[in-house]
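Quick notes on the structure that follows.
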Amino acid sequence: MLPSSIDENGTASARQHLLTIVIDDCVAIDAGCLAFSCSDLQRRQIRDVVLTHPHLDHIAGLPMFIDDLFSTLDEPIRVHATREMIDILERDIFNWSIYPKFSDLSNGSGPVIEYREFSLGEKFEVQKLNIHSVAVNHKVSASGFVISGSGSTIAITGDTGETDEFWQVCSRVPNLSAVLVECAFPDEYAELARVSHHLTPTGLASELKKLENAAVPVYIINIKPMFRDRVTAEIEAFKLPNVEVLEVGEAYEF
Ligand SMILES: [Zn+2]
């Protein structure tokens, strides 16, 4: 998970404002901070961006990533998204008002953006990864993913409130290596979490009961930066087995 802010010493902060998870240095899940904190290797190699949903904290770095690479791309940035997500990006972001409409532009090598549409529930391939989209419960077209590659499988909820299908799919995966689960707000903000379709620690504990293999390691992502310490403490108080907060900027091997 790429860092999205820096602390007063100029080093990466644990505060996670934006979400980008990079797999094998070449595929990005979401593009919240993609342009801002990826490595030079990742900048050279990432040409596939898979979106969980089009909220700003998940796409903010996409326009800048394409802008930065515009003159050097010899293949387009492939944005894997549902039709609804694509329509939102084209209407609300790449519209010449917020940012250039890259789908109308090309460099000397051809188009700089290419949309690859997937439907919620569909299975598709990106590079060497097999990705299974699973609809989750958010305020807009939103997908979780079960992602397999190199002999292991992980799952990512993206942003979601209470949901069922994602856990049913995860429960059917043999040898699931990890589940990355959102938990945005502390329990005091349960009503805000409910109306914005996010989880709190109490909601998280309830959701994890739906995962049939309780031994699967669970990593928490998408904690609102203001509440990081509180949410972490509340999750620890539940003493849930195999649950820890995913460290921003750390590389994990599955
Ligand atoms: Zn969201």
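For the range 30-68, taking the residues that are surrounded by fewer than 18 Cβ atoms within 10 Å (Cβ to Cβ) and aliphatic (A, V, I, L, M), the one that is farthest from the ligand (Cβ to nearest atom) is identified as Leu41. One residue alone among Val140, Val179, Val195 is β-branched (Val, Ile, Thr), surrounded by fewer than 18 Cβ atoms within 10 Å (Cβ to Cβ) and either within 22 Å of Ile21 (Cβ to Cβ) or in contact with a strand residue (DSSP E or B) (Cβ under 7 Å, 6 or more places away or on another chain) (or both), and that residue is Val140. Taking the criterion of being surrounded by 18 or more Cβ atoms within 10 Å (Cβ to Cβ) and in contact with a Phe, Trp or Tyr (Cβ under 7 Å, 6 or more places away or on another chain), the residues of the range 120-137 that qualify are Ile131, His132, Ser133, Val134, Val136. Taking residues in the range 230-254 that are under 29 Å from Ser39 (Cβ atoms) and surrounded by 13 or more Cβ atoms within 10 Å (Cβ to Cβ), and partners anywhere that are among the basic types (Lys, Arg) and at pLDDT below 95, the pairs with Cβ atoms closer than 9 Å and at least 6 places apart or on different chains are Val248/Arg15. Please verify whether Phe227 is of a type in the set (Phe, Trp, Tyr), over 27 Å from Arg116 (Cα atoms) and in a loop (DSSP other than H, G, I, E, B), treating the condition exactly as stated. So Phe227 does not fit the description; no.
Does Glu125 fit the bill of being under 30 Å from Gln168 (Cα atoms), in a helix (DSSP H, G or I) and of a type in the set (D, E, K, R)? When the stated conditions are applied, Glu125 does not pass them. When we screen Glu117, Glu75 for residues that are surrounded by fewer than 21 Cβ atoms within 10 Å (Cβ to Cβ) and over 18 Å from the mean Cα position of the chain (by Cα), the only hit is Glu75.
Under the condition of being within 14 Å of the ligand (Cβ to nearest atom) and either aromatic (Phe, Trp, Tyr) or under 15 Å from Val79 (Cβ atoms) (or both), the residues counted in the range 116-157 number 2. Pairs meeting the criteria (first residue in the range 105-129 and of a type in the set (Phe, Trp, Tyr), second residue outside any strand (DSSP E or B), beta carbons under 7 Å, at least 6 apart or on different chains) are Tyr115/Ile86; Phe118/Thr82; Phe124/Phe118. For the range 41-72, the set of residues classified as out of contact with any Gly (no Cβ under 7 Å at 6 or more places or on another chain) and part of a loop (DSSP other than H, G, I, E, B) consists of Ile46, Arg47, Leu51, Pro54, His55, Phe70, Ser71, Thr72, listed by residue number. Is at least one residue of the range 73-88 outside any strand (DSSP E or B) and small (Gly, Ala, Ser)? No, the range 73-88 contains no residue that is outside any strand (DSSP E or B) and small (Gly, Ala, Ser). Selection of the range 198-218 for residues being surrounded by fewer than 16 Cβ atoms within 10 Å (Cβ to Cβ) and not in a helix (DSSP H, G or I) yields Lys209, Lys210, Glu212, Asn213, Ala214, Ala215.
The values are calculated or read from the model by the stated rules, or taken from the named source; none is laboratory data. Predicted, not measured: the structure shown is a model, and the values here were computed from it. Glycine gets a Cβ as well: all are built from the backbone with ideal geometry, and neighbour counts include every protein chain shown.
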